[in-house]
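Take a look at the structure below.
The values are calculated or read from the model by the stated rules, or taken from the named source; none is laboratory data. The model shown is predicted, which means the values in this text are computed figures rather than measured ones. A quick note on method: Cβ atoms are made from the backbone with ideal geometry, for glycine too, and the neighbour counts reach across all protein chains shown.
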Amino acid sequence: MNPVTVGLLGLGTVGGGTFNVLNRNAAEIVRRAGRGIQITHAAAREYDPERLPGIESITVSSDAFAVVDDPAVDIVVELIGGYEPARELVLKAIANGKHVVTANKALIALHGNEIFAAAQDKGVMVAFEAAVAGGIPIIKAIREGLAANQIEWLTGIINGTGNFILTEMRDKGRDFDDVLKEAQKLGYAEADPTFDIEGIDAAHKLTILASIAFGIPLQFDKVYTEGIGHITREDVAYAEQFGYRIKHLGFTRRAADGIELRVHPTLIPERRLIANVDGVMNAVLVKADAVGPTLYYGAGAGSEPTASAVVADIIDVVRTLTADPENRVPHLAFQPQALSDVPILAMDDVETAYYLRLLATDKPGVLSDVTRILGDAGISIEAILQKEPAAGAAEVPIIMLTHTVRERQMNAAIGQIESLGSIHGAVTRIRLEHLDCD
Ligand code: HSE
């Protein structure tokens, strides 16, 4: 049988990794896929032939549309990233009847509904394992391995750059910018690193995870997104005193009235395994009704870890080439006509616990004013810590952990606390999740 032919869009970090892994492991891959897989055509404006042994034996075009329109290519692998021209290229590949593999989380999160509908019409596959958590096979795990379950919630450390920065700041007291530069040099950070820091990259990935977990359309515009730029070393240290770590989490839960979909820094108990996922590593914790909690851990970025997921998708496509389109695994795990319109909750309606840090005048009655406001709002305090004032300072930091409350109530209480004359500046609020797995 002839080998299946692949056209590669991009020969950068992930494209180069894909080229090398496919070539290096070709013999083993044939045994798994049942067919040879050959990259015949790639597109790249520039590339380093030293890093790509064998590249001289294939066609390399500077125009990506030449690959998409190449009649000899069966599967197009999109590793350019970004929204455009990736969207146009993928839609063109589908229109040309080609299967698509992509690592592009931004593309799937924003344009996945349109892309999957086009693929459905054409009877072609679009595989996107590498779009979430790099080398961790989390899409396959949720879509296929957990298919018997109702997923209750899931949470993930799904941006390696942010986790690397928080870890280095905590362990080595390093400067934010200095760590970010290192992450960029190592090829972890996005082309625009604010996507990492502000949580946009994690929101792209969470959008995809929520869809396949709950069978809902992709709704990136409904994700609440908060970055890590305001987290101080003091917050990290106070959290540790209470037995918590601060992680930048993507979190989605099926609540009574709708689905929570949020990315923000979060305190989590340090005894949870996921709290100990450090550096550039990613992890996703899924709580499902039949299996209980399951945790998936691995490299979330980098050349060959991401290539591992890309190549696995190519092998999957090759294996299913002979299956009728209606018998394939659905793109978003649920049959397209069975997607649910359950609403995504506004952040005001989300329920969570909180870490609060405020700076108060050091005089009698201040603490009771604060606790009265919280008490009147029905917010129960779980723990409280007041530090002695720094030498010569008239203000003291007060740190509190609260029980779970609706965000709307907490916002109102924070507003009242900030309006007290004895409270200085804004109240720092970091959400807290216990991640109970019982
Ligand atoms: N910038 C991403 C990260 C790369 O740091 O996790 C993988 O999506």
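Figures for the structure shown
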quantity: Pick from the range 150-164, criterion surrounded by 18 or more Cβ atoms within 10 Å (Cβ to Cβ) and assigned to a loop (DSSP other than H, G, I, E, B), ranking: nearest to the ligand (Cβ to nearest atom); calculated: N159
quantity: Residue list for the range 385-438, restricted to those being closer than 15 Å to Y244 by Cβ, at pLDDT 95 or above and not hydroxyl-bearing (S, T, Y); calculated: I399, M400, L401, H403, R429, I430, R431, L432, E433, H434, L435
quantity: Some residue of the range 99-108 being over 22 Å from the mean Cα position of the chain (by Cα), surrounded by fewer than 20 Cβ atoms within 10 Å (Cβ to Cβ) and over 14 Å from F19 (Cβ atoms); calculated: no
quantity: Residue in the range 339-362 that is farthest from I398 (Cα to Cα), counting only those that are in a loop (DSSP other than H, G, I, E, B) and touching a residue at least 24 places away in the same chain (Cβ under 8 Å); calculated: L339
quantity: Candidates A141, A147, A130, A106, filtered to the one that is of a type in the set (G, A, S), more than 15 Å from the ligand (Cβ to nearest atom), in a helix (DSSP H, G or I) and in contact (Cβ under 8 Å) with a residue 24 or more places away in the chain; calculated: A141
quantity: Test: residue in the range 165-188 that is of a type outside the set (S, T, N, Q), at pLDDT 95 or above, crowded, with 16+ Cβ neighbours inside 10 Å and within 16 Å of the ligand (Cβ to nearest atom); calculated: no
quantity: Some residue of the range 282-303 being of a type in the set (S, T, N, Q), at pLDDT below 95 and closer than 22 Å to A127 by Cα; calculated: yes
quantity: Residues (among the charged types (D, E, K, R) and more than 23 Å from G421 (Cβ to Cβ)) located in the range 348-397; calculated: D348, D349, E351, E382
quantity: Residues located in the range 170-191, provided they are over 22 Å from A275 (Cβ atoms) and either among the small types (G, A, S) or out of contact with any Asp or Glu (no Cβ under 6 Å at 6 or more places or on another chain) (or both); calculated: D175, D177, D178, L180, K181, E182, Q184, K185, L186, G187, A189, A191
quantity: Filter result (acidic (D, E) and either within 8 Å of the ligand (Cβ to nearest atom) or assigned to a helix (DSSP H, G or I) (or both)) within the range 189-214; calculated: E190, D196, D201
quantity: Matching residues, the range 278-304, being of a type in the set (D, E, K, R) and more than 15 Å from T167 (Cα to Cα); calculated: K287, D289, E304
quantity: Selection count, the range 413-424, where residues are more than 30 Å from the chain's Cα centre (by Cα) and part of a helix (DSSP H, G or I); calculated: 5
quantity: Hits in the range 43-88 (condition: part of a loop (DSSP other than H, G, I, E, B) and among the acidic types (D, E)); calculated: E46, D48, D63, D69, D70, D74, E84
quantity: Residue within the range 199-219 that is out of contact with any strand residue (DSSP E or B) (no Cβ under 7 Å at 6 or more places or on another chain), surrounded by fewer than 21 Cβ atoms within 10 Å (Cβ to Cβ) and without any contact (Cβ under 8 Å) to a residue 60 or more places away in the chain present; calculated: no
quantity: Failed item in (1) surrounded by fewer than 16 Cβ atoms within 10 Å (Cβ to Cβ); (2) closer than 30 Å to A237 by Cβ; (3) in contact with a strand residue (DSSP E or B) (Cβ under 8 Å, 6 or more places away or on another chain), with D348 passing the rest; calculated: (2)
quantity: One residue from E234, E270 being surrounded by fewer than 18 Cβ atoms within 10 Å (Cβ to Cβ), touching a strand residue (DSSP E or B) at 6+ places or on another chain (Cβ under 6 Å) and over 23 Å from L345 (Cβ atoms); calculated: E270
quantity: Filtered residue count, the range 278-309, keeping only those that are away from the ligand (no atom under 12 Å from the Cβ) and among the β-branched types (V, I, T); calculated: 4
